[in-house]
Amino acid sequence: MAGVMFSFYNFSALVQLNIGLSDRIDENRSESFTILFCDFSTIPQPLIDVNLPSLMRTSDSIVHYGSNYFFVMPYTDRYGTGIVKKMIEELFATQIPSAEVCYPINGENSSELFESLHAEAKKRHGLDLDCLYSAAERQP
């Protein structure tokens with residue numbers, strides 16, 4: 001298993017692609033995919049580079065902006081996201097500040113999902129994810 005890395009520059013387009021796939025394949029529009037945010041500011045970058053991609057499925061996308069990592073996980077609901085987060089924390093043997101949003105419950109497009117994710121990270125951990133606003137501006 002290995003997650004696929006994408007440039008932060010393409011984050012909004014990646015989310016829009018997942019929305020399009022979900023709309024085409026998942027007619028009941030349940031929690032079609034989840035975006036998980038993790039703050040890895042306390043983890044050394046080489047440790048992240050070596051271990052993180054192998055933890056994720058090949059269908060999962062990984063995007064990062066500095067120490068802020070975002071995982072787009074198709075067909076993963078909040079429960080499944082909790083399992084992934086627990087696996088990440090066990091891998092790095094520490095608690096990781098995180099937040100998650102699900103499509104379409106938390107937003108109908110990448111801008112709405114990014115706003116919801118920013119609000120959730122701010123509420124839970126006092127973290128500003130202002131970088132998401134620049135990603136939303138690149139929305140196709």
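None of the figures in this text is laboratory data; all of them are computed from the coordinates on show. If you're wondering where the values come from, they're calculated on a predicted model, not measured in any experiment. When we count neighbours, we look across all protein chains shown, and the Cβ atoms used for this are built from the backbone with ideal geometry, even at glycine.
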Is region 80-128 best put as rounded, prolate or oblate by its Cα gyration tensor, with a ≥ b ≥ c the root eigenvalues, rounded for a/c under 1.5, and otherwise prolate when a/b is larger than b/c, oblate when not?
oblate
5 angstrom amide H check on A2, placed H, neighbours 5+ away
T58
Between S59 and E112, what FRET efficiency follows from the Cβ-Cβ distance if R0 is 22 Å, with the result rounded to 0.05?
0.45
With runs of 4+ DSSP H residues as the only contributors, calculate the mean residue ellipticity of the chain at 222 nm using -39,500 (n - 2.57) per run, divided by the residue total and rounded to the nearest 500.
-14500 deg cm²/dmol
Rounded, prolate or oblate: which fits region 38-81 when a ≥ b ≥ c are the square roots of the eigenvalues of the alpha-carbon gyration tensor, with rounded for a/c under 1.5 and prolate only if a/b beats b/c?
prolate
Spelling out what I want: for every residue of region 82-94, take phi, set θ = phi - 60°, compute 6.51 cos²θ - 1.76 cosθ + 1.60 (Karplus), and round to whole Hz; glycine and proline get x.
x, 5, 4, 4, 4, 5, 5, 5, 5, 4, 9, 6, 7
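Under 20 °C and 1.002 mPa s, how fast does the chain diffuse according to Stokes-Einstein, given a Kirkwood radius computed over C-alpha pairs? Answer in µm²/s, whole number. Could the numbers behind the result be given before it?
Values: Rh = 14.9 Å.
Approximately 144 µm²/s, per Stokes-Einstein.
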What relative contact order, as a whole-number percentage, does region 4-137 give when Cα pairs under 8 Å and 6 or more residues apart are counted?
31
Distant-in-sequence amide H partners of L127 (H built 1.01 Å from N, under 5 Å):
K122
